[in-house]
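Engineer: Got a structure for you, written out below as structure tokens; questions coming shortly.
The values are calculated or read from the model by the stated rules, or taken from the named source; none is laboratory data. The model shown is predicted, which means the values in this text are computed figures rather than measured ones. Using ideal geometry, Cβ is built from the backbone for each residue, glycine included, and neighbour counts are taken over all protein chains shown.
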Amino acid sequence: MSSDGSKLTAGEYKGHLYTSVNSGVTWIDRSTSDSVIEGDKTWQSIAMSSDGSKLAAVTWRGHLYTSADSGTTWIDRSTRGSGIRGDKTWQSIAMSSNGSKLAAVTLRGHLYTSTDSGATWIDRSTHDSAIGGDKLWKSITMSSDGSKLVAVTNLGYLYTSMDGGVTWKNRSTKDIVIGGYKTWESIAMSSDGSKLVAGDDEHLYTSTNGGFTWRNLNAIDSAIWGYKTWDSIAMSSDGSKLATIGNGHLYISTNSSASWTKRRDIYDSETNWGSSWKSITMSSDGSKLAAIGGRYLYTSVDLGVSWTELSR
């Protein structure tokens, strides 16, 4: 989602990639209008610049693609010998506010960064011993200027970088709250990189100092009490508003994760059966949300109190 919430991009599992420039009211199937990304693909993760003009998207067991015109045309970066050549098990991608800096991770693989909008890439896993070797990378996020990064691994650790991904620190060996191996699932960061929220297959954690120290939120707020798999987290630019999905349920915070409110579950409009929330994103000010639930895409302009079901 763009900073103002007007531009959206969504990708299907074994399907197509779509873009919208009117907050999801209408959509264009880009997989039928651009030969570079045509055909069915398993779209794994998408990142967007603040103004929505630059996009980067990755596919599972496939390639990494970029666009500089809001998704109208695309470049396959995996075929240009730019350091990420060939098929990879891409898992997550992040982008700076202006779209110049990118970071991406692969499952059972490496972590890569780019400082030229994806034209060339550096394999950071071969340059820094802290993140060396193949890892089960799960999610990565980036500050607005691209200087601060946080990445998490499945059955592994949480790592931070303060220099655009050049060097890394293993925070799981330095803080007892997030210490040891964890099945990390998701991570989100405020624009300045100071506030973080991360989730594993049990708990939700928060940091207000760039990942140096952490608190376990499940032990503080009864609304999110108990073990949950935290699949997706979205955060406003200042870190005050958050939306997160745990065990298919949606939770909202408007006070930097101090307290949480569970929003209503969704129901399939055709079957009237309950469905699980799966993924969520948020505008810069936190006023607009877009989420995938069950078989459909939904948007909200009141922090998830009410939702509009969008047809494809």
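Engineer: Looking for whichever is among the aliphatic types (A, V, I, L, M) and surrounded by 22 or more Cβ atoms within 10 Å (Cβ to Cβ) here; the options are Leu107, Leu64. Which one fits?
Structural biologist: Leu64
Engineer: Taking Ser283 and the conditions (1) touching a residue at least 60 places away in the same chain (Cβ under 8 Å); (2) closer than 23 Å to Ala47 by Cα; (3) buried (at least 22 other Cβ atoms within 10 Å of the Cβ); (4) hydroxyl-bearing (Ser, Thr, Tyr), which numbered condition does it fall short on, given that it satisfies the others?
Structural biologist: Looking at each condition in turn, Ser283 falls short on (3).
Engineer: Just to verify a result, which residue in the range 290-312, among those that are more than 17 Å from Met235 (Cα to Cα) and charged (D, E, K, R), is surrounded by the most Cβ atoms within 10 Å (Cβ to Cβ)?
Structural biologist: Step by step, filter the range 290-312, then rank; the result is Glu309.
Engineer: Of everything in the range 40-61, what is surrounded by 21 or more Cβ atoms within 10 Å (Cβ to Cβ), farther than 22 Å from Gly146 by Cα and of a type in the set (A, V, I, L, M, F, W, C)? Give them in sequence order.
Structural biologist: Trp43
Engineer: Additional query: Scan the range 161-180 residue by residue and report those that are touching a helix residue (DSSP H, G or I) at 6+ places or on another chain (Cβ under 9 Å) and within 28 Å of Trp121 (Cβ to Cβ).
Structural biologist: Within the range 161-180, Ser161, Gly165, Val166, Thr167, Trp168, Lys169, Asn170 qualify.
Engineer: Looking at the range 171-186, is at least one residue at positive phi and at pLDDT 95 or above?
Structural biologist: For the range 171-186, residues at positive phi and at pLDDT 95 or above: absent.
Engineer: Given the conditions (1) buried (at least 17 other Cβ atoms within 10 Å of the Cβ); (2) of a type outside the set (S, T, N, Q); (3) at negative phi, and given that Gly211 satisfies all but one, which numbered condition is not satisfied?
Structural biologist: Unmet for Gly211, out of (1) buried (at least 17 other Cβ atoms within 10 Å of the Cβ); (2) of a type outside the set (S, T, N, Q); (3) at negative phi: (3).
Engineer: Considering only the range 108-136, state which residues are among the small types (Gly, Ala, Ser) and free of Cβ contacts under 8 Å to residues at least 60 places away in the same chain.
Structural biologist: Of everything in the range 108-136, those that are among the small types (Gly, Ala, Ser) and free of Cβ contacts under 8 Å to residues at least 60 places away in the same chain turn out to be Gly109, Ser114, Ala119, Ser125, Ser129, Ala130, Gly132, Gly133.
Engineer: Starting from the range 251-267, keep only residues that are touching a residue at least 60 places away in the same chain (Cβ under 8 Å), then list their pairs with residues that are surrounded by fewer than 20 Cβ atoms within 10 Å (Cβ to Cβ) whose Cβ atoms are within a distance under 6 Å, requiring at least 6 positions of separation or different chains.
Structural biologist: If the second residue must be surrounded by fewer than 20 Cβ atoms within 10 Å (Cβ to Cβ), the pairs left are Ser256/Ser240.
Engineer: While we're here: Let me spell it out: the conditions are (1) outside any strand (DSSP E or B); (2) under 21 Å from the mean Cα position of the chain (by Cα); (3) more than 15 Å from Asp123 (Cα to Cα), and Ser78 meets all of them except one. Which number is the exception?
Structural biologist: The single condition Ser78 does not satisfy is (3).
Engineer: Same structure again: Does Ser139 qualify as being touching an Asp or Glu at 6+ places or on another chain (Cβ under 8 Å), buried (at least 21 other Cβ atoms within 10 Å of the Cβ) and in contact (Cβ under 8 Å) with a residue 24 or more places away in the chain?
Structural biologist: Here the answer is yes, as Ser139 does meet what is asked.
Engineer: Scan the range 178-193 and give yes if some residue there is free of Cβ contacts under 8 Å to residues at least 40 places away in the same chain, touching a Phe, Trp or Tyr at 6+ places or on another chain (Cβ under 8 Å) and among the charged types (D, E, K, R), otherwise no.
Structural biologist: Yes, because at least one residue in the range 178-193 is free of Cβ contacts under 8 Å to residues at least 40 places away in the same chain, touching a Phe, Trp or Tyr at 6+ places or on another chain (Cβ under 8 Å) and among the charged types (D, E, K, R).
Engineer: What are the residue pairs meeting all of these: first residue in the range 204-220, first residue of a type in the set (D, E, K, R), second residue outside any loop (DSSP other than H, G, I, E, B), Cβ atoms under 9 Å, and 6 or more apart or on different chains?
Structural biologist: Between residues of the range 204-220 that are of a type in the set (D, E, K, R) and residues that are outside any loop (DSSP other than H, G, I, E, B), the close pairs are Arg215/Tyr205; Arg215/Thr206; Arg215/Ser207.
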